[in-house]
Amino acid sequence: MRTGRIFIALIFAIGLTGVIVDGAALYSRFLFISILLTVIAWAWTRWVINRLTLERSSRQLRANVGDVFEEGYKLNNNGILPAPWVEVINRSGLPEAAGSRLLTLVMGRQMRSYTARSWVTRRGSFQLGPTRILTGDPFGLFRAVKEISPNETLIVFPMIHEIQSFPSPPGLLPGGQVIRTRSQDITPHAAGVREYVHGDAMKRIHWPTSVRRNRLMVKEFEQDPQAEVWIYLDCQRTAHFERRSQHEEEITMPAMLLAKRPKLKLPPSTFEYSVSIAASLAHYFIGQRRAVGFASAGLPFTELPAERSERQEAKILETLAFVEANGNLSIAALVAAQSSLHPQRSSIILVTPTTRPDLLQAVDDLLMRYLSPVVVLLDAHTFGGPTSPENIVNSLHERRVPVCVVSCDADLSLVLSSISTTLKTQDFSAWQTPALSPSI
């Protein structure tokens, strides 16, 4: 572009100088040609940019950390003039987002398409755009820019590690003594009827009662006394630590596609490890057809009632995609607020890096309520924290509570699966029979 401008400026200067000094017709032609080329180049650029359109499409707008996100680009030149070059710039907030490309000689009425593949490395929400289109004239005099606003959002779930086995309580079998708590699901225990509210399922309508009362009435049910699995995520701001990375390996997308995909490492942060562990446990227990619930004391406070469905897994993963370590409540406060709501013998998995005494307080509270705690303890010392978890681990072993210690750069699939082996080789009878008297 700079060369074209210099060339046109040189012709214009020669023509203008010649007209002033000599007045010959040749110099007048130089002057006229330079002005004409400038006008044509400007008009060409404006014409082409106004007739360029870009479409971005993707098959799915959900992905996990470590996945490859594919997105299709379609560039259309709806005018009759060709575009000598078109540069597409992807300005999405997705880290290392692909999609930027330079296309040459896009003819009139022509469509160009290509596929961009981005390696997803961070959880959260990312707008797919905005997208900037640049083009110019054949002489390199002018450039024009068009910016296309984003119309889709990509939700990135945490990384899921496949777990082979993890301890889960046998619980009380369905059909036992009912729990006097209303249930959103249909259970064998009908509790009564109430008036229909917009949104109630049609299958819950009790037609004989509706006919007698001349208005729609729906059945209510009570919870079945089945054991649930609850995942408690510690979101206390002061409990988490992050170690500064020594170096980050830069891997380009073409190199990754031609070779074996490298293994993505989580950031050296206790919170990012905790989120990935919670997502992996939810995925594992939903696959085992267990009723899984989730609770965290971040901002805002989050509680997802226990359910057993793929929809529940999607809700937990979407919650984990946005959760942050910004809370003020400790894990003990979270347990105190929620533990009384769970059926007896349910499994409560505490995912935390804390080594404070309040963790033992939380465990004691769970044992007193005939609940089965399992502690997934992040070794904060390996993440740059000040203390080692050795003392707190010994205290948990004294209470015969299963504990899984996770260090930085550990293989989460292997570490989380190994806790079941530990249960078989050691005595954790308190996990089956509470060591403390239940509170009344």
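The values are calculated or read from the model by the stated rules, or taken from the named source; none is laboratory data. In this text, all values refer to a predicted model and were calculated from it rather than measured experimentally. We place every Cβ from the backbone using ideal geometry, glycine too, and count neighbours over all the protein chains shown. Note: accessible area is taken over every heavy atom of the protein model, side chains too, but ligands, DNA and RNA are not part of it. Shrake-Rupley method; radii C 1.70, N 1.55, O 1.52, S 1.80 Å.
How much length would be gained if the chain were fully extended between GLU152 and LEU16, taking 0.36 nm per residue of separation minus their Cα-Cα distance, in nm to one decimal? Walk me through the intermediate numbers first.
Working: separation 136, 0.36 × 136 = 48.96 nm, distance 5.32 nm.
So the chain would gain 43.6 nm between GLU152 and LEU16.
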Practice prompt. Starting from the Cα gyration tensor of region 280-377, take the square roots of the eigenvalues, sort them a ≥ b ≥ c, and report rounded, prolate or oblate (rounded when a/c is under 1.5, otherwise prolate if a/b is larger than b/c, else oblate).
Written response: oblate
Practice prompt. List the aspartates and glutamates whose Cα lies under 17 Å from the Cα of LYS263, skipping any in the same chain that are fewer than 8 positions away.
Written response: ASP67, GLU96, GLU162, GLU248, GLU249, GLU250, GLU272, ASP409, ASP411
Response to the item:
Pseudo-spin-label distance SER395 to GLN344, built 7 Å along Cα→Cβ, given in nm, is 2.8 nm
Worksheet item: Roughly what would the spin-label model give for ALA333 and ALA43, points 7 Å off Cα along C-beta, in nm?
Response: 7.1 nm
Worksheet item: With all protein chains present and a 1.4 Å probe, how do HIS198, HIS381 order by accessible area, largest first?
Response: HIS198, HIS381
Fill in: Among 36-48, 265-277, 81-93, the order from most to least packed when residues are scored by Cβ within 10 Å on average
265-277, 81-93, 36-48
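Find how much the distance from ARG237 to THR3 grows on full extension, using 0.36 nm per residue of separation minus their present alpha carbon separation; answer in nm with one decimal.
Numbers: separation 234, 0.36 × 234 = 84.24 nm, distance 5.66 nm.
My answer for the length gained is 78.6 nm.
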Discussion item. Heavy atoms of the protein only, probe of 1.4 Å, neighbouring chains included. What is the accessible area of ASP411 in Å², nearest 10?
Written reply: 70 Å²
Worksheet, complete the sentence: Simple SL model, points at 7 angstrom along Cα→Cβ for ILE33 and ALA410; separation in nm is 7.7 nm
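For a test of the definition: using alpha carbon positions, the gyration tensor, and the 1.5 limit on a/c, classify region 37-79 as rounded, prolate or oblate. Write down the numbers at each step before the final one.
Details: a/c = 6.38, a/b = 3.60, b/c = 1.77.
Prolate.
Quick one: which of 284-294, 25-35, 345-355 comes out on top by average Cβ neighbours within 10 Å, and what's the full order, highest first? All intermediate terms of the calculation are to be shown ahead of the outcome.
On the way: 284-294: 20.2, 25-35: 15.5, 345-355: 25.3.
Listed from highest to lowest mean packing, they are 345-355, 284-294, 25-35.
How far, in nm, would the chain grow between GLN164 and SER388 when pulled straight, counting 0.36 nm per residue and subtracting the alpha carbon separation?
Details: separation 224, 0.36 × 224 = 80.64 nm, distance 2.78 nm.
Stretched out fully, the GLN164 to SER388 stretch lengthens by 77.9 nm.
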